[in-house]
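Let me give you the structure first, and then I'll get to my questions.
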Amino acid sequence: MPPAADLSSLEAEVVRRNPAETEFHQAVREVLESLAPVVHKHPEYADAKLIETICEPERQIIFRVPWVDDSGEVQVNRGFRVEFNSALGPYKGGIRFHPSVNLGIVKFLGFEQIFKNSLTGLPIGGGKGGADFDPKGRSNGEVMRFCQSFMTELYRHLGEYTDVPAGDVGVGSRELGFMFGQYKRITNRYESGVITGKGLVWGGAQVRTEATGYGTAYFVNEMLAATGTALEGLDVVVSGSGNVAIYAMEKIRQLGGNVVACSDSSGYVVDHKGIDVDLLKQIKEVERGRISDYLRERPEATFVSDGSVWDVPCEVALPCATQNELDESAAKKLVANGVKAVAEGANMPCTREAVRTFRENGVAFGPGKAANAGGVATSALEMQQNASRDSWTFEHTEERLRQIMRDIHETCHETAEEYGRPGDYVLGANIAGFTRVAEAMAAFGVV
Ligand code: GLU
């Protein structure tokens, strides 16, 4: 049977066995669509049923998270940890707190994480976790009690050689602090390597906060350079205004790009003089406010509450908010406005149709598993420092990150060329990410 047919029946089987997990189906489809030439070249992978195996998480943990809110009322949330693949190292991936979190979302994120982590070239497997808890509007005490309850179950599944969580949407250093504190208390172990994204005084690494956004900026810079274009002077639109977006904007500015717009769930802001990143940090990280507050200090900027940030003309677009935020009509608009490069700072922010639109119109497109790998790569550097009880300078760590992003770009670029699809970073990332995992899995036999 030709491999492509095998892969589509395999995909149908994944859909059948995991009903209603639409984001997981989407993530699997995107990878399987790239793998036909690999299976052709390596029939031994198909014979060993490696692709079927990789689509099945090694372990899925779902648990109750009860806690008491400030008014004394009992709240019950659902927690998840999907330990997807440990062929290359301990399960590694963030924890997301957002009301939209369900098993399908955690599985899509965990599945992508396998290939992303593989692309970094570092010894980390793939996993992801989260809860349908909404930290928005919750007091510090409520967030602490939730995190403690979450960790009271999760701790038994973790370990520096087993499973190492970090942050994601809704989980930053505050939440990780509460979780690490609870882990330490329950286990009576100061096991630094069990969580990454830690605060600097309790075992964290320089650059981890900035890493995902910085990495995305480095990646798009490399993509542009590969087509002979400089980032200098180009207009850039970034969606979101969380951790990834803020540091993507900061690095884009340092590299000479002009960030003209960014957004949050309430709307978007356009500032042709260039978004003031320090002001945004103050509003979002310190005040935890809304993006419209930006006009307080920059009255010449405009705030738009209806419409899409992708309507703003730009040469570079960096979706850094959430999954499926950029659809076909937004992609068409970007193309009509002359976009040259798009890189995903968030996980799967572009729909399948949007990616196809970019591809058909010759727009350089960097998928999240390559373009946002800087965060988890720096987590692996944090683990390295924890294991050797060392801490590196900002400059040294940033240089390591920059080199890792360059290497990922080169790997994707070369793999796409090797498989006869020059410039196709989706194919390059999927094949290169898959191959490394597949080789390790093949070495282990049926386990
Ligand atoms: N949540 C981030 C990601 O999507 C970082 C994971 C980590 O550092 O383990 O890659």
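The values are calculated or read from the model by the stated rules, or taken from the named source; none is laboratory data. Everything numeric here is computed off the predicted structure, so don't read it as measured data. Quick reminder, even Gly has a Cβ in these numbers, built from the backbone with ideal geometry, and neighbours come from all protein chains shown.
Considering Lys273, Lys284, which residue is basic (Lys, Arg) and either surrounded by 21 or more Cβ atoms within 10 Å (Cβ to Cβ) or free of Cβ contacts under 8 Å to residues at least 12 places away in the same chain (or both)?
On the way: Lys273 fails: either surrounded by 21 or more Cβ atoms within 10 Å (Cβ to Cβ) or free of Cβ contacts under 8 Å to residues at least 12 places away in the same chain (or both).
Testing whether each residue is basic (Lys, Arg) and either surrounded by 21 or more Cβ atoms within 10 Å (Cβ to Cβ) or free of Cβ contacts under 8 Å to residues at least 12 places away in the same chain (or both) leaves just Lys284.
Within the stretch 128-150, can you find the residues that are within 16 Å of the ligand (Cβ to nearest atom) and over 18 Å from Ile62 (Cα atoms)?
Listed by number, the list holds a single entry, Pro135.
Given the conditions (1) more than 12 Å from the ligand (Cβ to nearest atom); (2) at negative phi, which single one is not true for Gly72?
(2)
Among (1) in contact (Cβ under 8 Å) with a residue 60 or more places away in the chain; (2) of a type in the set (A, V, I, L, M); (3) more than 11 Å from the ligand (Cβ to nearest atom), there is one condition Ile186 misses while meeting the rest; what is its number?
The failed condition is (1).
Filter the stretch 156-172 for residues that are of a type in the set (Gly, Ala, Ser) and within 12 Å of the ligand (Cβ to nearest atom); which is surrounded by the fewest Cβ atoms within 10 Å (Cβ to Cβ)?
Ranking the candidates gives Gly172 first.
So in the stretch 185-233, with the set limited to residues that are in contact with an Asp or Glu (Cβ under 8 Å, 6 or more places away or on another chain) and of a type in the set (Lys, Arg), which one is farthest from Gln254 (Cα to Cα)?
Only one residue fits best here, namely Lys198.
Continuing with the same structure: Is it true that Ser118 is within 16 Å of the ligand (Cβ to nearest atom), among the hydroxyl-bearing types (Ser, Thr, Tyr), in a loop (DSSP other than H, G, I, E, B) and in contact (Cβ under 8 Å) with a residue 12 or more places away in the chain?
Values: within 16 Å of the ligand (Cβ to nearest atom): yes; among the hydroxyl-bearing types (Ser, Thr, Tyr): yes; in a loop (DSSP other than H, G, I, E, B): no; in contact (Cβ under 8 Å) with a residue 12 or more places away in the chain: yes.
Considered against the rule, which asks whether it is within 16 Å of the ligand (Cβ to nearest atom), among the hydroxyl-bearing types (Ser, Thr, Tyr), in a loop (DSSP other than H, G, I, E, B) and in contact (Cβ under 8 Å) with a residue 12 or more places away in the chain, Ser118 comes out as no.
What's the number of the condition Phe84 fails, among (1) more than 12 Å from the ligand (Cβ to nearest atom); (2) part of a helix (DSSP H, G or I)?
(2)
Also: Please go through (1) within 30 Å of Ser149 (Cβ to Cβ); (2) free of Cβ contacts under 8 Å to residues at least 24 places away in the same chain for Lys49 and return the number of the only condition it doesn't satisfy.
(1)
From (1) in contact with a helix residue (DSSP H, G or I) (Cβ under 6 Å, 6 or more places away or on another chain); (2) farther than 22 Å from Glu222 by Cα; (3) of a type in the set (S, T, N, Q), pick out the condition that doesn't hold for Asn372.
Of the numbered conditions (1) in contact with a helix residue (DSSP H, G or I) (Cβ under 6 Å, 6 or more places away or on another chain); (2) farther than 22 Å from Glu222 by Cα; (3) of a type in the set (S, T, N, Q), the odd one out for Asn372 is (2).
Any idea how many residues of the stretch 204-233 are in contact (Cβ under 8 Å) with a residue 60 or more places away in the chain, surrounded by fewer than 21 Cβ atoms within 10 Å (Cβ to Cβ) and over 18 Å from Gln403 (Cα atoms)?
2
Which of the following residues is more than 15 Å from the ligand (Cβ to nearest atom), assigned to a helix (DSSP H, G or I) and touching a residue at least 60 places away in the same chain (Cβ under 8 Å): Glu112, Glu175, Glu153?
Glu153
Follow-up question, since we're still on this one. I'm told Asp168 meets every condition in (1) under 27 Å from Leu280 (Cβ atoms); (2) out of contact with any Lys or Arg (no Cβ under 7 Å at 6 or more places or on another chain) except one. Can you identify the failing condition by its number?
(2)
Step by step: first the residues of the stretch 358-388, then only those that are of a type in the set (Ser, Thr, Tyr) and buried (at least 24 other Cβ atoms within 10 Å of the Cβ), then the one that is nearest to the ligand (Cβ to nearest atom). Which residue is that?
Ser379
So which of Ile124, Ile105 is within 11 Å of the ligand (Cβ to nearest atom), touching a residue at least 24 places away in the same chain (Cβ under 8 Å), in contact with a helix residue (DSSP H, G or I) (Cβ under 9 Å, 6 or more places away or on another chain) and of a type in the set (Val, Ile, Thr)?
After ruling out the rest, the residue left standing is Ile124.
Mind counting the residues in the stretch 206-224 that are away from the ligand (no atom under 14 Å from the Cβ) and either in contact with a helix residue (DSSP H, G or I) (Cβ under 9 Å, 6 or more places away or on another chain) or outside any helix (DSSP H, G or I) (or both)?
Matching residues across the stretch 206-224 total 7.
Looking at Ser100, Ser149, Ser86, which is the one that is of a type outside the set (Asp, Glu) and within 18 Å of Tyr183 (Cα to Cα)?
Ser149
If you check Thr196 against the conditions, is it among the β-branched types (Val, Ile, Thr), at pLDDT 95 or above, touching a strand residue (DSSP E or B) at 6+ places or on another chain (Cβ under 8 Å) and buried (at least 24 other Cβ atoms within 10 Å of the Cβ)?
Yes; evaluated as a whole, the condition is true for this residue.
Which residues, counting only those in the stretch 19-48, are outside any helix (DSSP H, G or I) and more than 20 Å from Phe115 (Cα to Cα)?
Those that are outside any helix (DSSP H, G or I) and more than 20 Å from Phe115 (Cα to Cα): Pro19, Ala20.
Here is a list of conditions, (1) in contact with a Lys or Arg (Cβ under 8 Å, 6 or more places away or on another chain); (2) under 24 Å from Asn372 (Cα atoms); (3) more than 13 Å from the ligand (Cβ to nearest atom), and Leu35 meets all of them except one; can you say which number that is?
Here Leu35 meets the rest and fails (1).
Taking Gly420 as the residue in question, decide whether it is modelled with pLDDT of 95 or more and over 25 Å from Val238 (Cβ atoms).
Against the criterion (modelled with pLDDT of 95 or more and over 25 Å from Val238 (Cβ atoms)), Gly420 qualifies.
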